[in-house]
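Student: After the structure tokens below, expect a handful of questions from me.
The values are calculated or read from the model by the stated rules, or taken from the named source; none is laboratory data. In this text, all values refer to a predicted model and were calculated from it rather than measured experimentally. Here the Cβ positions follow ideal geometry from the backbone for every residue, glycine too, while neighbour counts run over all protein chains shown.
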């Protein structure tokens, strides 16, 4: 597997009156081109800190982030970011908000071409009839659709998602997860997502990286998710491995948050055995504090 994104010995340290506070330590992760990887762990473990360092929005204290063979030293349009709240400019329409980035990245393209890029991605995420409305006229879910369209419209090398659906109700969250996975499949963009939701991580990801509790958080475990693509939620949840993988994630988060890194490939169910049934596991969502 070739490494398109490499996080090597990544560290984040903040000075305090009592000495250095080590948030993330010796964080190592390699991601292949076109892979979708999720970071999961308890609140405050450093997931968003790792993501912000990859985005170039937070200074790296140690180690390096290499994207497509080039070390990251700051923010750039080669990384599209979708935050929990899309942070749209309220006096601009959805279309104008997307065009801000498109104009910066594709400044040599003809005006009509730039317009077509913005219109295409807004239409793909389901906003063809609402792209000329301002954020105040849109629901939270629709505003997040704008944020997704804006990120993909930049044609980034890497897509970064920081709890993109954390503020949405369950139905809207499921709808936008499907929008995201379909758009990601079309564009084949390498993606790194932070989430507290084990079901979301399993549905979207090729691998789920579990972080130990802080301070000095690091990679604690990696779970391979081999559900076939393209994915539909019903098919994924009916897969014989689904609830066993889900239980593994929950067990790590509840019991084994400090164990050392190991590559996990969960074995298949015993011959003749039945998969763990949905009712055998309580619904679990680790929400941000």
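Residues checked against (1) at pLDDT 95 or above; (2) touching a strand residue (DSSP E or B) at 6+ places or on another chain (Cβ under 6 Å); (3) not in a loop (DSSP other than H, G, I, E, B):
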site: 15; (1), (2), (3): no, no, yes
site: 20; (1), (2), (3): no, yes, yes
site: 39; (1), (2), (3): yes, yes, yes
site: 49; (1), (2), (3): no, yes, yes
site: 65; (1), (2), (3): yes, yes, yes
site: 74; (1), (2), (3): no, no, no
site: 87; (1), (2), (3): no, no, no
site: 90; (1), (2), (3): yes, no, no
site: 96; (1), (2), (3): yes, no, yes
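Student: Looking at 281, 250 in this structure, which one is under 21 Å from the mean Cα position of the chain (by Cα) and at pLDDT below 95?
Tutor: 250 is the lone residue from the list that is under 21 Å from the mean Cα position of the chain (by Cα) and at pLDDT below 95.
Student: Go over the candidates 118, 128, 109, 149 one by one and state the one that is touching a helix residue (DSSP H, G or I) at 6+ places or on another chain (Cβ under 9 Å), exposed (fewer than 14 other Cβ atoms within 10 Å of the Cβ) and either without any contact (Cβ under 8 Å) to a residue 12 or more places away in the chain or assigned to a helix (DSSP H, G or I) (or both).
Tutor: 128
Student: Quick check on the range 255-266. Is at least one of its residues surrounded by 20 or more Cβ atoms within 10 Å (Cβ to Cβ) and either out of contact with any strand residue (DSSP E or B) (no Cβ under 7 Å at 6 or more places or on another chain) or modelled with pLDDT under 90 (or both)?
Tutor: no
Student: Next question. Determine whether residue 136 is in a helix (DSSP H, G or I), touching a helix residue (DSSP H, G or I) at 6+ places or on another chain (Cβ under 6 Å) and either farther than 26 Å from residue 243 by Cα or modelled with pLDDT under 95 (or both).
Tutor: Here the answer is no, as residue 136 does not meet what is asked.
Student: Here's another thing I want to ask about it. Please state which of the following conditions residue 54 fails to meet, knowing it meets all the rest: (1) under 23 Å from residue 183 (Cβ atoms); (2) surrounded by fewer than 21 Cβ atoms within 10 Å (Cβ to Cβ).
Tutor: For residue 54, the exception is condition (2).
Student: Which condition does residue 19 not pass, out of (1) within 20 Å of the chain's Cα centre (by Cα); (2) without any contact (Cβ under 8 Å) to a residue 12 or more places away in the chain, if it passes all the others?
Tutor: (1)
Student: Being in contact with a helix residue (DSSP H, G or I) (Cβ under 8 Å, 6 or more places away or on another chain) and under 21 Å from residue 162 (Cα atoms) is true for just one of 37, 65. Which residue is that?
Tutor: 65
Student: Quick one: would you say residue 141 is part of a helix (DSSP H, G or I), more than 27 Å from residue 196 (Cα to Cα) and out of contact with any strand residue (DSSP E or B) (no Cβ under 9 Å at 6 or more places or on another chain)?
Tutor: no
Student: Kindly indicate which of 123, 170, 205, 155 is within 29 Å of residue 33 (Cα to Cα) and out of contact with any helix residue (DSSP H, G or I) (no Cβ under 9 Å at 6 or more places or on another chain).
Tutor: Matching residue, one of 123, 170, 205, 155: 205.
Student: All but one of (1) crowded, with 21+ Cβ neighbours inside 10 Å; (2) without any contact (Cβ under 8 Å) to a residue 60 or more places away in the chain; (3) part of a loop (DSSP other than H, G, I, E, B) hold for residue 156, so report the exception by its number.
Tutor: (2)
Student: Restrict the check to the range 223-245 and report whether at least one residue is at pLDDT 95 or above, within 23 Å of residue 30 (Cβ to Cβ) and part of a helix (DSSP H, G or I).
Tutor: Yes, the range 223-245 contains at least one residue that is at pLDDT 95 or above, within 23 Å of residue 30 (Cβ to Cβ) and part of a helix (DSSP H, G or I).
Student: Report, ordered by the first and then the second residue, all pairs with beta carbons closer than 9 Å, sequence separation of six or more or different chains, a first member in the range 235-250 that is at negative phi, and a second member that is assigned to a helix (DSSP H, G or I) and surrounded by fewer than 17 Cβ atoms within 10 Å (Cβ to Cβ).
Tutor: Sorted first by the residue in the range 235-250, then by its partner, the pairs are 237/278; 242/278; 243/237; 243/278; 243/280; 247/280.
Student: Let me ask something additional. Pick out the one residue from 144, 178 that is surrounded by fewer than 23 Cβ atoms within 10 Å (Cβ to Cβ) and either within 30 Å of residue 114 (Cβ to Cβ) or more than 15 Å from the chain's Cα centre (by Cα) (or both).
Tutor: 178
Student: While we're looking at this one, here's another question. Count, please, the residues in the range 183-204 that happen to be buried (at least 24 other Cβ atoms within 10 Å of the Cβ) and either in contact (Cβ under 8 Å) with a residue 60 or more places away in the chain or closer than 20 Å to residue 151 by Cα (or both).
Tutor: Summing the residues that are buried (at least 24 other Cβ atoms within 10 Å of the Cβ) and either in contact (Cβ under 8 Å) with a residue 60 or more places away in the chain or closer than 20 Å to residue 151 by Cα (or both) in the range 183-204 gives 8.
Student: Then there's this: Can you say whether residue 97 is free of Cβ contacts under 8 Å to residues at least 24 places away in the same chain, closer than 30 Å to residue 137 by Cα and surrounded by 13 or more Cβ atoms within 10 Å (Cβ to Cβ), as far as the supplied structure shows?
Tutor: The answer is no for residue 97.
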